[in-house]
Amino acid sequence: MYSVLDFGKMIADEGRMDAYADALRSVVNPGSVVLDIGSGTGIFALLACKYGARKVYAIEPNESIQLAREVARNNDWVDRITIIQDLSTRVNLPEPVTVIISDLRGALPLYQHHLPSIIDARDRLLSPAGIMIPHRDRILAAPVASPDLYKQSADIWRDKKFGFEMHAARNAVVNSLWGDEAGKEELVAEPETWITIDYTKIDKQDFSAGLNWNIEERVTAHGIRVWFDTDIYKNIGFSNRPGTTSHVYGSLFFPWPEPVDLSSGNLIAVKLRANLVGDEYIWQWDSTVHESNNTGLPKVAFNQSSFQGTPLSPDALRKRGAHYMPTLNDD
């Protein structure tokens, strides 16, 4: 759950805010009816009013929406902004909207119920000629050399501090996604597009696709860095690619169980899969490194999943079963 401080950091991200503001300025006119999903403290709703929208519906389940109500009143737009504290999937509106604006992403667009919420709003609440902001996200990836991050996050569990064996914790760490801003790391191959999400057409929430990179020099790689480029509207957008101006999203690092020494001519093949299970995505990344041309036995083969990175007791695991029936307690 985001805090007001978190929403403030999002507003302070100039690259993000300038792109969204430019997009709204380009599409809103005096007849526009705007739906702001995940409104937070209401910044997009305020901008829509500023640019002339006739009506704005601001939806947010977080208690921060109470501040949006006060902000709307302080800016004399309480008659044009309707505040709704709920999930958008449970809301019906009295009229179709002409613009849907949202930013429900985490480090990647595949985050919690982002896609089901957007698909539902588009299909139920948007007019046939309506506009989606953002329009499209492209998720990219590249193998990276990141020795400092790897040492701090993974190898700390192999150092046997005070003489203790901590390999179980290391196994969980290397099957987890490391969300951070990329530090001093190097892309060891050109980025490849994993998937493209067109919000005007998308009708699914789970994805699976392969990635391939040819290595041109000797280098040690530690995993895969994944980020997104966004087309907010037409030529308006931004990227959270490593090395770009800082954005609140950061990016995700998919570690390998061990660093891999690569040579010129090696081929890296990764099958990356994401499935929404309950409220979170389960990620699987299967990686192989071939000497060349994807022939013969691989030089390295890893099979990893964020499910393996989640420590679960037998009781917690049973609760995730399809046939689990909870028993009510006094509370």
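Tell me which residues, restricted to the stretch 10-41, are in a helix (DSSP H, G or I) and within 21 Å of ILE59 (Cβ to Cβ).
Going through the stretch 10-41, the residues in a helix (DSSP H, G or I) turn out to be 10-12, 14-27.
Residues satisfying the conditions are MET10, ILE11, ARG16, MET17, TYR20, ALA21, ALA23, LEU24, VAL27.
Filter the stretch 275-321 down to the residues that are under 23 Å from ILE224 (Cα atoms), among the acidic types (Asp, Glu) and more than 23 Å from the chain's Cα centre (by Cα) and list them by number.
GLU291
Looking at the stretch 146-168, which of its residues are loosely packed, with under 13 Cβ neighbours inside 10 Å and of a type in the set (Gly, Ala, Ser)?
Across the stretch 146-168, the qualifying residues are GLY163, ALA168.
So, in the stretch 270-317, of the ones that are polar (S, T, N, Q), in contact (Cβ under 8 Å) with a residue 12 or more places away in the chain and farther than 13 Å from SER176 by Cα, which residue ends up least open to solvent (accessible area, probe 1.4 Å)?
Across the stretch 270-317, the extreme among qualifying residues is SER287.
Condition check: within 20 Å of LEU125 (Cβ to Cβ) and at pLDDT below 95. Does ALA23 satisfy that?
Values: within 20 Å of LEU125 (Cβ to Cβ): yes; at pLDDT below 95: no.
Criteria not met by ALA23.
Anything in the stretch 270-294 that is closer than 15 Å to TYR111 by Cβ and in a strand (DSSP E or B)? List them, or say none.
Initial filter on the stretch 270-294 (closer than 15 Å to TYR111 by Cβ): 274-283.
Of everything in the stretch 270-294, those that are closer than 15 Å to TYR111 by Cβ and in a strand (DSSP E or B) turn out to be ALA274, ASN275, LEU276, VAL277, GLU280, TYR281, ILE282, TRP283.
Name the strands (runs of 3 or more DSSP E) wholly inside the stretch 206-252 in which the number of residues that are farther than 30 Å from VAL28 by Cα and open to solvent by 20 Å² or more (accessible area, probe 1.4 Å) is 2 or more.
Result: 207-214, 219-233.
Among the residues of the stretch 44-58, is any of a type in the set (A, V, I, L, M), open to solvent by 30 Å² or more (accessible area, probe 1.4 Å) and either in a strand (DSSP E or B) or more than 26 Å from ASP231 (Cβ to Cβ) (or both)?
There is no residue in the stretch 44-58 that is of a type in the set (A, V, I, L, M), open to solvent by 30 Å² or more (accessible area, probe 1.4 Å) and either in a strand (DSSP E or B) or more than 26 Å from ASP231 (Cβ to Cβ) (or both).
Select from the stretch 190-231 the residues that are under 18 Å from the mean Cα position of the chain (by Cα) and of a type in the set (D, E, K, R) and write down the one among them that is farthest from VAL99 (Cα to Cα).
Here the answer is ARG225.
Could you figure out which of (1) more than 17 Å from TYR111 (Cβ to Cβ); (2) open to solvent by less than 60 Å² (accessible area, probe 1.4 Å) isn't true of ILE197?
For ILE197, the failing item is (1).
Being more than 26 Å from HIS113 (Cβ to Cβ) and not in a loop (DSSP other than H, G, I, E, B) is the filter; apply it to the stretch 73-92 and report the residue that is most open to solvent (accessible area, probe 1.4 Å).
Only one residue fits best here, namely ARG73.
Report whether or not ASP123 is farther than 14 Å from VAL33 by Cβ and out of contact with any strand residue (DSSP E or B) (no Cβ under 8 Å at 6 or more places or on another chain).
So ASP123 fits the description; yes.
Restricting the search to the stretch 103-136, which residues are surrounded by 18 or more Cβ atoms within 10 Å (Cβ to Cβ) and in a strand (DSSP E or B)?
Those that are surrounded by 18 or more Cβ atoms within 10 Å (Cβ to Cβ) and in a strand (DSSP E or B): LEU126, GLY130, ILE131, MET132, ILE133, ARG136.
Taking into account only those residues within the stretch 258-269 that are in a strand (DSSP E or B) and open to solvent by less than 30 Å² (accessible area, probe 1.4 Å), which is nearest to SER153 (Cα to Cα)?
VAL260
Working carefully through the options VAL188, VAL144, find the one that is farther than 30 Å from ASN92 by Cβ and touching a Pro at 6+ places or on another chain (Cβ under 7 Å).
Checking each option against the conditions leaves just VAL188.
Do the conditions hold for SER32, that is, is it under 16 Å from LEU126 (Cα atoms) and either surrounded by 14 or more Cβ atoms within 10 Å (Cβ to Cβ) or more than 20 Å from the chain's Cα centre (by Cα) (or both)?
Yes.
The values are calculated or read from the model by the stated rules, or taken from the named source; none is laboratory data. All of these numbers come straight from a predicted model, not from anything done at the bench. Note that each Cβ is placed from the backbone with ideal geometry, even for glycine, and that neighbours are counted across all protein chains shown. Just the protein is used for accessible areas: all its heavy atoms, side chains included, with ligands, DNA and RNA removed. Shrake-Rupley method; radii C 1.70, N 1.55, O 1.52, S 1.80 Å.
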